[in-house]
Amino acid sequence: MPEKTAILFRAGSETGAVLADALAAAGYALALVDPDPAAASVLAARLVGARTLSLAAPPAGSNVEGLVAEIARGLGEPSLLVTCPPDPLVVKSTDLAEASLQESMNEILVRPFAWCRAAGGRMLAQGEGCIVNVLRLSGLGGWPGWLGDSAAMAAMINLTHTLAAEWTAGGVRTSALVGGITPANAAQIERGAALAGQQAVIDRIPLGRLVAPEDLVAGFNYLVDPESSYVSGEVLRIDGGWDAWGRLHAGGVRK
Amino acid sequence: MSTPSLAGRVALITGSGRGLGLSFARHLGALGATCVIAEKDEAAGQAAEAALRGEGVSARFVPIDVTQCDSVDRAAALCLEEFGRLDIWINNAGVALHRASEEVTAESWDLSIAIMLSGTFYGCRAAGRIMLARDGGTIINIASINGMVAQSGRAAYSAAKAGVIRLTEVLAGEWGSRKVRVNAIAPGVILTELSERAIKSGAATVEIYEQRTPAKRLGRLEELKNAVVFLASDASSYVTGQTLRVDGGWVSDHFL
């Protein structure tokens, strides 16, 4: 099977690293892009045996078409783009500065869009490709204290739908992978909501546990598999039932 | 990227004498699952059983009328008696009746709701009772893009399928902590005998469907394989309450 090329935006994030491992194991050449170039380099050093290229992501508002061209020259035309989110900003809305909201929009929406446009344009020229935007559950409903994250994630969901509507006919499938609550997210929720421990978070999840890396990888594999050829615009939640549950019973679904 | 094994698992699929249901049985059977062909049309059910056995799949036809809860319970009990377990249950039986809403008869409305919404609930309940009392399991309800976006002339079908999606979410919340996962698949317009009949009846033309779909083509039966295998297997062990769309982008496009 000829080697394929994937671009991972924010590859140095926790999720980015998990997906990089899965893609390397599947034989992809990987462009590891991260605002922190050291994080991308550390990841590249760990992916022994994979062909990688580490790149520093330019700031929001930058044109990344040149970088994608560089990746195509170095590793081959990209057939897969994965964008990952930054750590969330958790702050009460009454304390949220406009600049902080703007930063959430830049980091979660504007920067991934630039990569979608640049990589998607080349994929359309090739007549095939796949984009997966990794998002958080905060984009599916209101999360007190997570306004910037929630608003920008919701925008990414409609970005995903719109690109699916525009580009599927051109052979480029675009979907979102909405990850469940990670241990880091549970700690952020615990701090933001002043909870005494994480049990309330776990009780909120019908399957009764936090998401594990292999859960995410299984969902990711489903979306990128060429046999999922009629799947586009999907918003796949790997959330243990979090979003489906209506939260009526105080104290958690498991009580 | 790696194909899961379903060896040793038992799957019951309603409405699997033909079309989508038969293809689901074929996909699961190819991965080692024993398939119970639950079908109202006995001739079609027996033919499906014979065809699958000819392909090396362990298959068994059981008669079912999903509109009758006793019949659904009997099929579930028979499955348990014969195979000693029930791991996967797919509520697939359906009917697609097209008619302007002002002309829909009470009988036609009731039939659509009975087969696709009540029948799905009876199936979930029968499977859930067994799975909750044992080692858990996975239930897959076949919804539709019409459960998410409206289509003229399909009032009962759309209402039933929307009900199936919310039913899926309710059961996911209720049963998740007891190792029973409940998910749905919402196919777009897939080329089957059912959709061909709808096209021939003049409800829409192939060209209209293709133009409406971002992928600009109808789906193929084999393109549902990944979704059903993902939800039936342990690959989706952290997925419940999800409705997977296999629609060529149909629901994403809210524009013209």
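Annotations
- Once B binds A, the 1.4 Å probe can no longer reach about 3100 Å² of accessible area, counting both sides.
- Derived scalar couplings ³J(HN,Hα) [segment B:34-39; Karplus, 6.51 cos²θ - 1.76 cosθ + 1.60; whole Hz; x for Gly, Pro]: 7, 10, 9, 8, 9, 8
- Label zone (B:Glu102, point 7 Å along Cα-to-C-beta; backbone nitrogen cut-off 18 Å) within segment B:146-162: B:152-156.
- The residues of segment B:208-234 listed by number as losing at least 50 Å² of accessible area in the complex, against the isolated chain and with a 1.4 Å probe, are B:Pro214, B:Glu223, B:Asn226, B:Phe230.
- Think of a 1.4 Å ball rolled over the protein heavy atoms: segment B:137-208 then has 38 Å² of accessible area per residue.
- Karplus-derived HN-Hα couplings along segment B:62-69 (A = 6.51, B = -1.76, C = 1.60, θ = phi - 60°), whole Hz, x at Gly and Pro: 10, x, 8, 10, 5, 7, 10, 5
- 5 angstrom amide H check on A:Ser54, placed H, neighbours 5+ away: A:Leu32
- Global geometry of segment A:132-234, whether rounded, prolate or oblate, following the gyration tensor of its Cα atoms and the 1.5 cut on a/c: oblate
- Distance violations [Cα-Cα > 28 Å] among B:Lys40/B:Lys179; A:Lys4/B:Lys179; B:Lys200/B:Lys225; B:Lys179/B:Lys225; B:Lys40/B:Lys216: B:Lys40/B:Lys179; A:Lys4/B:Lys179; B:Lys40/B:Lys216
- Remark on B:Thr240: its backbone amide H falls under 5 Å from those of A:Asp239, A:Gly240, A:Gly241, a criterion applied only to residues 5 or more positions apart or on other chains, H modelled at 1.01 Å from N.
- Percent accessible area from carbon and sulfur atoms, the protein assembly as shown, protein chains only, probe 1.4 Å: 53 percent
- If you take the alpha carbon atoms of the protein assembly as shown and fit the smallest convex hull around them, that volume is 158 Å³ per residue.
- Here is the P(r) of segment A:17-173: all C-alpha pair distances, binned every 5 Å from 0, give 2, 9, 17, 19, 20, 16, 10, 5, 2, 0 in whole percents.
- Derived scalar couplings between HN and Hα for segment B:49-55 equal 4, 5, 5, 5, 4, x, 8 Hz in order, rounded to whole Hz, by the Karplus curve 6.51 cos²θ - 1.76 cosθ + 1.60 (θ = phi - 60°), x for Gly and Pro.
- Contact with the other protein chains removes 20 Å² or more of accessible area, compared with the isolated chain and a 1.4 Å probe, from these residues of segment A:222-238: A:Tyr222, A:Asp225, A:Glu227, A:Ser229, A:Tyr230, A:Val231, A:Ser232, A:Glu234, A:Leu236, A:Arg237, A:Ile238.
- With K and R counted +1 and D and E -1, the other residues having a Cβ less than 15 Å from that of A:Ser62 yield a net charge of -1.
- Overall shape: oblate for segment B:101-256, with the ratio a/c of the largest to smallest alpha carbon gyration tensor axis at 1.5 or above and b/c at least equal to a/b.
- With distances taken between every two different alpha-carbon atoms, segment A:36-119 has a Kirkwood hydrodynamic radius of 14.7 Å.
- For segment A:123-255, accessible area per residue (1.4 Å probe, heavy atoms of protein chains only), Å²: 36 Å²
- Gyration tensor (alpha-carbon) shape descriptor, segment B:59-166, a/c threshold 1.5: prolate
- A simple spin-label model places pseudo-atoms 7 Å from Cα toward Cβ; at B:Arg212 and B:Ser58 they are separated by 4.2 nm.
- Annotation: the antiparallel percentage among DSSP beta bridges lying fully within segment B:1-102 is about 0.
- Buried on complex formation within segment B:1-41 (loss of at least 40 square angstrom of accessible surface versus the isolated chain, 1.4 Å probe, ligands and nucleic acids ignored): B:Met1.
The values are calculated or read from the model by the stated rules, or taken from the named source; none is laboratory data. Since this is a predicted model, take the numbers as computed values, not measurements. Reconstructed Cβ throughout: ideal geometry from the backbone, glycine too, with neighbour counts over all protein chains shown. Remember, those area values only see protein heavy atoms, side chains included, never the ligands or the DNA or RNA. Shrake-Rupley method; radii C 1.70, N 1.55, O 1.52, S 1.80 Å.
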